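Contents: one structure, followed by commentary.
The values are calculated or read from the model by the stated rules, or taken from the named source; none is laboratory data. Fair warning: this is a prediction, and the values are worked out from it, not measured in the lab. Note that we place each Cβ from the backbone using ideal geometry, even for glycine, and neighbour counts take in every protein chain shown. Accessible surface areas use protein heavy atoms only, side chains included; no ligands, DNA or RNA. Shrake-Rupley method; radii C 1.70, N 1.55, O 1.52, S 1.80 Å.
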Amino acid sequence: MERSDVSGDAGAARWLSIHDDLLRGLAHAFSNRVATVSAIAALLDPAHHPDERVLSGLRTDADRLDGLLEQLRQLPRRGDADPEPMMPGDSVRAALAMFAHHPDYRDVSCTVVAGDDVQPVRADPTALLHALCVALAAACRVGGGHAPVRMALYTDGDVVRIEVSSDGSAGDADTDAAADAAAVALDVGALDWLLARSNGRGYPMPYGCGLELPTLLASRRTR
C-alpha cells in the first residue's frame, strides 16, 4: 500500500493536536458530570429516605461518568498493541461517541452508511478509533464545522474502506481549496502513522479522507 508523502512526525503531530482537543472536551464533560453528582449529593438528607428520583439521577450520572472514564482510557496510544480480529463497526461507534465531545464539532451530525458486505479486519482497535477521529475532524473542518458528515463502510476486494466526508466545503475560493488539500494531506499522514502497525493507510477524497485496512481473510493469507 502506498503511503502519503507526509512524514511520520507530521502525522503524529496532527493526531496529537486532535487528541488534545478531544481530551479537553472529555475533561469538560467529566467536570460537568462531577458537578451534577455533587449538586445532587448535597440535596440528600441523611435524616430522611432519599427521594427515588434523586437516587435515579445519581445512578444515571454515575453511569455517564463510567462511560466518560472509559473514553478517557481509550485516548492514550498503545504503541505496543498487536493487531487483533475485529469488526470495523465497533470502532465506528466508539469513535462517534468520543468525537461527540470535540469542543469545535460536537453539534455536527454524522450519518453512517454500512454496506452488507463489511468484513472483519485485523487491526489495533485503539489505533483505528484514533484514525476515525482524525477522519471525522478532517470532514468537519472542511465543512466549516456545520455541514453534515457522512461515513461510509464497505468492502472492496481484499480491503475494508471507511470514507468520511462533509456534505460540502466551507468555501469555494481557490485559496480555500488549496488550504483544504494541504490540511487533508496532514490528516492522511496521521492516518498512515496510526494505521501502520495494522497494515492500513489513509487517502484523500473530496471533502474529507478515507482509510483502508486489509480484511481478516487477506491478512491471514499474508501471515
Report summary line: Result of the Cβ filter at 7 Å on segment 93-109, keeping first residues that are of a type in the set (S, T, N, Q) and partners that are surrounded by fewer than 21 Cβ atoms within 10 Å (Cβ to Cβ), at least 6 apart or interchain, is Ser109/Pro148
Report summary line: Here the residues within segment 164-179 that are at pLDDT 95 or above and open to solvent by 10 Å² or more (accessible area, probe 1.4 Å) are Ser165
Query raised in the report: Is it true that some residue in segment 134-147 is assigned to a loop (DSSP other than H, G, I, E, B), open to solvent by 20 Å² or more (accessible area, probe 1.4 Å) and among the charged types (D, E, K, R)?
Result: no
Requested in this report: Out of Ala182, Ala152, report the one residue that is touching an Asp or Glu at 6+ places or on another chain (Cβ under 6 Å), more than 18 Å from Pro83 (Cβ to Cβ) and surrounded by fewer than 20 Cβ atoms within 10 Å (Cβ to Cβ).
Outcome: Ala152
Query raised in the report: Taking Arg161, is it over 14 Å from the mean Cα position of the chain (by Cα) and surrounded by 15 or more Cβ atoms within 10 Å (Cβ to Cβ)?
Result: yes
Query raised in the report: In this structure, is Thr155 modelled with pLDDT of 95 or more and of a type in the set (Val, Ile, Thr)?
Result: yes
Query raised in the report: Does segment 74-81 include one or more residues that are in a helix (DSSP H, G or I), closer than 23 Å to Trp193 by Cα and touching a helix residue (DSSP H, G or I) at 6+ places or on another chain (Cβ under 8 Å)?
Result: yes
Requested in this report: Can you give me the number of residues within segment 72-93 that are under 18 Å from the mean Cα position of the chain (by Cα) and charged (D, E, K, R)?
Outcome: 5
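On the basis of being touching a residue at least 12 places away in the same chain (Cβ under 8 Å) and either under 18 Å from the mean Cα position of the chain (by Cα) or assigned to a helix (DSSP H, G or I) (or both), does Ala152 make the cut?
yes
Every residue, every condition in (1) assigned to a helix (DSSP H, G or I); (2) closer than 28 Å to Val160 by Cα; (3) at pLDDT below 85, yes or no:
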residue: Trp15; (1), (2), (3): yes, yes, no
residue: Ile18; (1), (2), (3): yes, yes, no
residue: Phe30; (1), (2), (3): yes, no, yes
residue: Ile40; (1), (2), (3): yes, no, yes
residue: Pro50; (1), (2), (3): no, no, yes
residue: Leu55; (1), (2), (3): yes, no, yes
residue: Asp61; (1), (2), (3): yes, no, yes
Query raised in the report: What number of residues within segment 185-223 are modelled with pLDDT under 90 and open to solvent by less than 10 Å² (accessible area, probe 1.4 Å)?
Result: 0
Query - segment 184-199, residues that are farther than 20 Å from Arg141 by Cα and of a type in the set (D, E, K, R) - result: Arg197
Query raised in the report: So which residues in segment 80-90 are touching a residue at least 40 places away in the same chain (Cβ under 8 Å) and farther than 25 Å from Gly168 by Cα, if there are any at all?
Result: Ala81, Asp82, Pro83, Glu84, Pro85, Met86, Pro88
